[in-house]
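The values are calculated or read from the model by the stated rules, or taken from the named source; none is laboratory data. These numbers come from a predicted model, not from an experiment. With ideal geometry, Cβ positions are generated from the backbone for all residues, glycine too; neighbour counts draw on all protein chains shown. For the accessible areas, the whole protein counts, side chains as well, though only heavy atoms, and no ligand, DNA or RNA atoms are used. Shrake-Rupley method; radii C 1.70, N 1.55, O 1.52, S 1.80 Å.
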Amino acid sequence: MWTASNQKRGYMVVTAHYIDDSWNLCNKILRFMYVPAPHNAKTLSKELMGCLVAWSIECKLSTLTLDNCSVNFSMIDKMKEKLRLDNLLLRGDLLHMKCCAHILNLIVQQGLSSIQSVVDSIRESVVYWTSTPKRVEDFEDAKDGFSLSTNRKLTLDCKTRWNSTYLMLMSAIVYKDVFNRLVHTDKNYKQAPSDQDWLLAKVMCEKLKLFNSVTEVFFGIKYPTANIFFPKICEIRMLLNDCIISPYFEIKTMATSMIEKFDKYWSVIHGVLAVATILDPRFKMKLIEYYSPKIYGDESSKEVERIRKLTYDLVKEYKPHDAKETCCSFNNFDFGMDIDDGGDCLAGYDLFVSSTSTVDTYKSELDYYLDENVLPRRF
């Protein structure tokens with residue numbers, strides 16, 4: 001959803017992501033449409049359903065990826081009422097995909113709010129020295145007296161985009177001494193950030209570096225596929241665990257609030273991300289088993305089993321053949337052996353095999369795949 005600030009009118013953009021016949025990852029905007037108020041679950045589901053029907057794709061949905069506002073959670077329930085559950089994966093259990101980029105933004109914004117005074121202090125200085133061409137020139141002149149290893153320009157952030165705040169802080173930190181000098185040369189520049197502000201900003205940026213790199217992966221449009229998202233999310237959770245034991249109270253506070261937001265949205269990793277990881281032959285179940293104890297602790301075995309079961313359920317969804325039917329089909333298959341009319345002379349042997357064998361008589365293709373060793377990540 002998007003609201004035009006000059007019109008105060010709401011619009012919906014519907015984008016389809018799919019793989020074409022040549023296995024190319026594609027995306028196309030299906031519709032950009034005006035949505036009348038009120039923008040509640042009933043209205044949004046009606047407009048979205050109308051778009052899907054117009055393109056005849058209401059029976060081809062895998063997931064719906066949405067921002068994480070409360071109305072979208074209600075809209076998913078409305079969509080399930082309108083769609084045929086038989087046409088959805090696992091009858092709609094995987095329909096709702098929370099936008100990873102939006103969740104990441106919410107998590108970091110929550111953390112930044114805990115150290116808002118530090119951010120505001122540096123932002124005010126950046127605003128002051130980028131507000132007029134003359135001040136920009138004065139700032140450049142003040143830099144000449146220092147041996148700096150960068151020519152990076154000061155950049156002002158957009159408050160609603162955390163990664164731009166991160167880039168603003170990174171651009172300002174290297175000029176700490178320049179800001180301190182300018183307090184004495186410009187009477188209108190009242191106060192530079194304190195040494196404690198600079199220290200916390202530096203420590204914070206070191207922690208946010210991972211978040212920034214993951215954001216760049218999430219926002220990629222050509223190369224990213226879901227198998228690379230799962231380890232990124234796990235690395236973020238592990239980083240937050242490390243931040244909890246930071247010697248700086250402010251960083252601990254930031255991490256605590258971020259973990260609270262993380263667990264709200266990612267306490268259970270979406271099955272699609274986990275299954276995509278399993279289908280990567282470099283990872284399979286091994287990566288799930290590696291990260292689960294680090295994320296879930298004593299509950300890790302339950303989470304591993306949940307994801308394993310989901311993988312098998314999806315295989316059955318795409319290839320709904322019961323294992324017993326497959327085994328039975330061999331009973332009637334002609335292997336070219338001559339059988340007397342009097343009966344099968346090896347029937348007793350078959351009974352002996354079934355009663356003494358410790359190996360399943362049927363293994364699926366997925367069983368064989370998971371049993372094989374993972375491929376090396378680097379060749």
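Structure data summary
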| read-out | value |
| --- | --- |
| Sequence-distant residues sharing a close amide H with ARG9 (under 5 Å, placed H) | ALA4 |
| Helix-only [θ]222 nm of the chain, DSSP H runs n ≥ 4, -39500 (n - 2.57) each, per residue, nearest 500 | -18000 deg cm²/dmol |
| Sparse-neighbourhood loop sites, trypsin sites (Lys or Arg not before Pro) in region 161-268 - DSSP loop, at most 14 other Cβ within 10 angstrom | ARG161, LYS187, LYS190, LYS222 |
| Non-local Lys pairs in region 16-144, i.e. 8 or more apart or on different chains, that have alpha carbons under 24 Å apart | 23 |
| Cα gyration tensor, region 192-238 - rounded (a/c under 1.5), prolate or oblate | oblate |
| Positive minus negative residues near SER45 (Lys, Arg vs Asp, Glu; Cβ under 14 Å) | +1 |
| Accessible surface, the chain, averaged per residue in Å² (probe 1.4 Å) | 61 |
| In order through region 19-34: 3J(HN,Hα) via Karplus (6.51 cos²θ - 1.76 cosθ + 1.60), integer Hz, x for Gly, Pro | 10, 7, 4, 9, 6, 9, 6, 10, 8, 9, 6, 7, 7, 10, 9, 6 |
| Tail beyond 22 Å, pair distance distribution of region 165-307 (Cα, percent) | 52 |
| C-alpha long axis of helix 300-318 to longest principal axis of the chain, angle in ° | 60 |
| Prolate/oblate/rounded call for region 24-101, Cα gyration tensor, a/c under 1.5 rounded | rounded |
| Rg over Rh, two decimals, the chain (C-alpha only, Kirkwood Rh) | 1.11 |
| 22 Å Cα cut-off, lysine pairs counted over region 152-202 (separation 8 or more, or different chains) | 8 |
| Accessible carbon and sulfur surface of region 50-167 relative to its total accessible area, %, 1.4 Å | 50 |
| Principal-axis tilt of helix 100-114 within the chain, Cα atoms, nearest 10 degrees | 40 |
| Stokes-Einstein D (µm²/s) once Rh is taken as the Kirkwood radius of region 1-134 over alpha-carbon pairs, at 37 °C in 0.692 mPa s | 184 |
| Whether region 49-94 is rounded, prolate or oblate, judged on the alpha carbon gyration tensor where a/c under 1.5 counts as rounded | oblate |
| Most mobile listed residue (ASN180, ASN68, ASN163) in the chain, GNM with C-alpha springs under 10 Å | ASN180 |
| Qualifying chymotrypsin sites (Phe, Trp or Tyr not before Pro) for region 94-156 [loop in DSSP, other Cβ within 10 Å: at most 15] | PHE146 |
| Spatially proximal lysines relative to LYS286 (Cα-Cα < 21 Å; intrachain offsets below 8 disregarded) | LYS232, LYS294, LYS302, LYS309, LYS363 |
